[in-house]
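The values are calculated or read from the model by the stated rules, or taken from the named source; none is laboratory data. Not measured: the values here are computed from a predicted model. Cβ placement follows ideal geometry from the backbone for every residue including glycine, while neighbour counts extend to all protein chains displayed.
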Amino acid sequence: MSTFSAQADSRPSSAVVLAAGEGIRLRPLTANRPKPMLPAGTRPILEHVLNALIDAGINNIHLVVGYQANRVRSHFGATYRDVPLTYHTQTNQLGSGHALLQAREGSTDSFLLVNGDQIIDSRIVEAVRTTHTDAAAALAVVEGPQAADYGAVTLDGSEITTLSEQPTSGGFRLFNAGVYAFTPEIFETLETISVDRGELPITDALQALIDDKNHTVAGVRTDHFWMDATHAWDLLSLSRALLRRGWVDPPAIDGGDCYVDETAKVHPDATLVGPVVVDSDAVIEAGAVVGPYAAIGASATVGAGAVLRDVVIDTDTSVGPNTTASELVAGQGCAIGGAFTAAGGPADVVLEEQVYPDVDLGGVLSDRVEVGGAATLEPGALVGPDAVLGDGVVVSGQVDAGSEVVR
Amino acid sequence: MCGIVGCIGRGDDTVNVLIDGLRSLEYRGYDSAGIALGPTLTVLRKAGELDALAEVVDANEPTGTYGIGHTRWSTHGPPNDRNAHPHTDENGRVAVVHNGIIENYAEIKSELEAEGVTFSSDTDTEVVPHLIARELADGVDAETAFHQAVDRLDGSYAIAAIIDSTETIFAARQGSPLVIGVGDNCTYLASDVPAFIEHTRDVIFLEDGQRVRADAEGYTVLDDNREPVEVDIETVSYTAEETGKSGYDHYMLKEIHEQPTALRQCFSGRADALDGTITLEEVGEIPQPDAVQFVACGTSYHAALYGAATLREMGIPAEAYLASEYALSPPPLSLGTLVVGITQSGETADTLAALRDAKSRGVTTLALTNTVNSTAARECDHAVYIRAGPEIGVAATKTFSSQLVGCNLLAEELVEGQLDLRPLIESLRNLPDDVQSILDSSAAEAIVEEYGDSDAYFFIGRGKNVAVALEGALKCKEISYEHAEGFPAGELKHGPLALVTPDTPVFAVVTGDDKRAQKTLGNIKEVQARGAPVIAVTDGESDAAEIADETLEIPETTERAAPVLANVQLQLFSYHLADALGRPIDKPRNLAKSVTVE
């Protein structure tokens, strides 16, 4: 719709952010919102992405939304940190290239493309912004063990020579961090590509540019922080990583690593063990011990005597008194009764008929799960949204959305 | 948030271009507006919506060949005429509009005052015209004077200025948005592209630190060393309205979806869930009143009904009055009475008149409003803000929800010695998520599909749900233009039941399972016996869902919080009904957002 503005210094100052995908592997947490709106610490992943873009000097942002788009729109509105946000709707999620095409109209200058569901250091954005000059495209390249998931890259100097979606050899190697710079020509390239498997990934267009002798694709190697949450339990490590860096919104108490919003209420007899973040209007009752590595979302409540470590408690969720929870992810608006236990992993988690062994996960409660008194979550349990767990039940494995567990 | 505009090169069309530009920036604020024209400097400004300015413009027929304009959403300094932009220097030679905050204005102001300059507003902006005037008095040229003045400013700003008989607009950007529109032999300036999109799609997005000189010859962009810089012109293609609506089809739907955020803001920092106390800092020391009279109009009147019912339950005699009646037929009151005016804008003329009448009779007055430093807030002894954020859709949605929470906070603040407030606080804290759960799963659209072509729609409830029934009916008629009426459920059989047919669905708001709920179940059967389909809006605690033909579910909560949730379901019904009928939802015929005439 609107254009991507160029600047006197010719570095791209606009960005397209892909926030249309559900994030199927994060089900059931994504029942009501897309993956970019899942919590990284106490704020949506997408909020961190927008912060990184704006901190790197981007002043015009286009959001491609689709799955549960209203959640994105009502959270961010028309501007974020005074930067205008333009929304483009992708009705069917047919891949990142297709998503980008939704934001095509009127684009006449270079722009950045980033994923709305991966945490990036603003210095990665800055590096791609600065590097993108003569090449048809530039992309950030990070070294790590995740190449199998994100696509391996080989570099010749600063030029990308191959991209392979599923590299045969594993191990530590360069991979695509999902931060790109393009000229508007990318749209024409995308249009020439045949759609395979019902999807049009942006990497197909990159491959076409690499194959084309007239173009080069620049690789921007960086070792700054980059992190993706693939599965629900990754939200715990994401939160840990952000807490370690202090990438949270509330201010630190006495310069330490306890970050508490000024509207939060922490009882004088409660103990915060840093690093920990307590967001706006949250309540920590007497005798609770919260942290280390606890993210307590806005308006959440931690009951008296509860002991929480290594948890992500999302907005509006209430944790009953004398709860003991470790490695727990709780979505929005859960009501957890007293003396709840989630003792933590490791556990073998089965997802979509695939076994993930030895996962450090106490359990996942999706949005608005109701838990009675003295219930127990066996390590690795995944509870769907709006499920009701009765008093004293012991839950393991998967509980479907809306179901009731009586015993 | 404010909006600024400017244009040069449009000759006699200048005034219209500025006013139209401001109109498309109204989403950035709409509680005062103004324009300044040159070459003979003429300034017109007016508190209130843009229409108030438009009237002044029609009456004065100002002329000019270039100019600047401003629309304001007050945050600091009340939205009155003197605080409306543009601001001028003492001699009326310089006019300035500004969006943002000048952080060092106090220091500059005292410096200027020490030199004998008299300020005529409470704004931070006014230092700018005085600074420019001082430079001009020192003999420098107009452009240098502008640069010297801007160099002094800290903070965030987008500024545009014109100086008498200098056929030029000067502008600067630092931290607040400013764009240039490049037309044929003319140049536009604005906070946002919609302001001039109907004239040109060729746009320059300025960077922080850049400044602009626009005159009959065209425009020049300068860096902060005042050196010209090359800039790229881009072509934009979006339509004006879309930007403010964040991709929603209507402001009303956007605002319905903003309710979780609005409710969170309303409640934030005002209750201590640990010790079970509620504190409204704005109210300070206010003794417990002997009685409370609410005055309000329209949707706010329904909030007043709810507020009065709440206070009565707490043992305080309380009544809600329609403000238009109150001012002309004032009820008796004792000196210990508190009169509370509920008004979203704080500018509703009828409500202001009622509050003034009360004040003239010597009682304490309080404004419950969304607009900081509005007339109601300033004229009353106390003001409580509901913090819902700007509401642009004419049909009030999020502000009603926030008014209900505001009534609860106010009641608990006013009445001493209440029992444990923790359950109430808990339910108010849960409201954002409870509303979100309705937004995630409402069946309202399906109800419209089933019943959207009926003859009329009736809404019934008892207790605090009377307010919900009346509000549900008002929303329905406002935006769908369909016949809708709300009644206390027990009143049906005393007349309105004659209207009930198989073609008039009845929405029954039934929450909890007390006597009121039980009696309402009887009323449901009453209308079903006449063949009317019944849609129960219920939390499932009573048998309403089993008896009714359809259900709009709400989460279980306290009796005080349930009306907020029930109302959200009815908002969604009215919205989808109006949408299905193709009504102009954000601008229903004959209605205005803030009614500033009696």
So in the range B:412-423, with the set limited to residues that are over 27 Å from the mean Cα position of the chain (by Cα) and more than 14 Å from chain A (Cβ to nearest Cβ), which one is nearest to B:Val292 (Cα to Cα)?
B:Val415
Scan the range B:250-271 for residues that are within 11 Å of another protein chain (Cβ to nearest Cβ) and either without any contact (Cβ under 8 Å) to a residue 40 or more places away in the chain or assigned to a loop (DSSP other than H, G, I, E, B) (or both) and report the count.
4
Tell me which residues, restricted to the range B:310-340, are of a type in the set (A, V, I, L, M), assigned to a strand (DSSP E or B) and closer than 20 Å to B:Glu559 by Cα.
B:Ala318, B:Ala320
Please determine, by comparing only the residues of the range A:353-385 that are over 22 Å from A:Leu308 (Cα atoms) and either free of Cβ contacts under 8 Å to residues at least 60 places away in the same chain or in contact with a Cys (Cβ under 9 Å, 6 or more places away or on another chain) (or both), which one is surrounded by the fewest Cβ atoms within 10 Å (Cβ to Cβ).
A:Glu353
Hey, among the residues in the range B:92-124 that are in contact with an Asp or Glu (Cβ under 9 Å, 6 or more places away or on another chain), aliphatic (A, V, I, L, M) and in a strand (DSSP E or B), which one's surrounded by the fewest Cβ atoms within 10 Å (Cβ to Cβ)?
B:Ile101
Those residues of the range A:29-74 which are within 14 Å of another protein chain (Cβ to nearest Cβ) and on the phi > 0 side of the Ramachandran plot amount to A:Gly57, A:Gln68
State whether the residues of the range B:284-297 include one that is surrounded by fewer than 24 Cβ atoms within 10 Å (Cβ to Cβ) and within 14 Å of chain A (Cβ to nearest Cβ).
no
Given (1) more than 23 Å from B:Glu413 (Cβ to Cβ); (2) crowded, with 23+ Cβ neighbours inside 10 Å, number of the condition B:Pro331 does not satisfy:
(2)
Any idea which of B:Gly406, B:Gly389 is surrounded by 24 or more Cβ atoms within 10 Å (Cβ to Cβ), in contact with a helix residue (DSSP H, G or I) (Cβ under 7 Å, 6 or more places away or on another chain) and not assigned by TED's automatic domain parsing to the domain that holds B:Val509?
B:Gly406
Which ones in the range B:171-185 are in contact with a strand residue (DSSP E or B) (Cβ under 9 Å, 6 or more places away or on another chain) and more than 14 Å from B:Val212 (Cα to Cα)?
B:Gly175, B:Ser176, B:Gly183, B:Asn185
Condition test on A:Ala138, is it at pLDDT below 90 and crowded, with 20+ Cβ neighbours inside 10 Å?
yes
Answer residue from the range B:152-202, given it is basic (Lys, Arg) and within 11 Å of another protein chain (Cβ to nearest Cβ) and is surrounded by the most Cβ atoms within 10 Å (Cβ to Cβ) among those:
B:Arg173
Kindly indicate whether A:Ala99 is assigned to a helix (DSSP H, G or I), at pLDDT 85 or above and under 24 Å from A:Gln207 (Cα atoms).
yes
Options B:Glu111, B:Glu55: the member that is farther than 28 Å from B:Phe196 by Cα and of a type in the set (D, E, K, R)
B:Glu111
Selection status of A:Leu308, outside the structural domain of A:Ala31 (by TED's automatic domain parsing) and touching a Cys at 6+ places or on another chain (Cβ under 8 Å)
no
Which residues, counting only those in the range A:252-280, are more than 14 Å from every other protein chain (Cβ to nearest Cβ) and among the polar types (S, T, N, Q)?
A:Thr271
Name the residues in the range B:185-208 that are modelled with pLDDT of 90 or more and not polar (S, T, N, Q), would you?
B:Cys186, B:Tyr188, B:Leu189, B:Ala190, B:Ile204
Kindly evaluate B:Leu366 against the criterion of being under 30 Å from B:Tyr248 (Cβ atoms), surrounded by 24 or more Cβ atoms within 10 Å (Cβ to Cβ) and not hydroxyl-bearing (Ser, Thr, Tyr).
no
Residue check: is A:Pro292 in contact with an Asp or Glu (Cβ under 9 Å, 6 or more places away or on another chain) and more than 24 Å from B:Ile278 (Cβ to Cβ)?
yes
Going by what's in this entry, would B:Ala216 be described as at pLDDT 90 or above and closer than 24 Å to B:Arg93 by Cα?
no
Which of the numbered conditions does B:Ala214 fail, given that it passes all the others? Conditions: (1) out of contact with any helix residue (DSSP H, G or I) (no Cβ under 8 Å at 6 or more places or on another chain); (2) within 8 Å of chain A (Cβ to nearest Cβ); (3) touching a residue at least 24 places away in the same chain (Cβ under 8 Å).
(2)
Keeping to the range B:546-579, report how many residues are acidic (Asp, Glu), part of a loop (DSSP other than H, G, I, E, B) and farther than 16 Å from B:Gln436 by Cα.
2
Single residue of the range A:81-119 satisfying the filter (acidic (Asp, Glu) and on the phi < 0 side of the Ramachandran plot) that is farthest from the other protein chains (Cβ to nearest Cβ):
A:Asp117
The condition of being assigned to a loop (DSSP other than H, G, I, E, B) and farther than 18 Å from B:Pro79 by Cβ holds, among B:Asp357, B:Asp420, only for B:Asp420
Quick test for you: out of A:Gly345, A:Gly392, A:Gly338, pick the one residue that is part of a loop (DSSP other than H, G, I, E, B), away from chain B (no Cβ under 14 Å) and modelled with pLDDT under 90.
A:Gly345
Please verify whether A:Val311 is assigned to a strand (DSSP E or B), at pLDDT 95 or above, crowded, with 23+ Cβ neighbours inside 10 Å and out of contact with any helix residue (DSSP H, G or I) (no Cβ under 6 Å at 6 or more places or on another chain), treating the condition exactly as stated.
yes
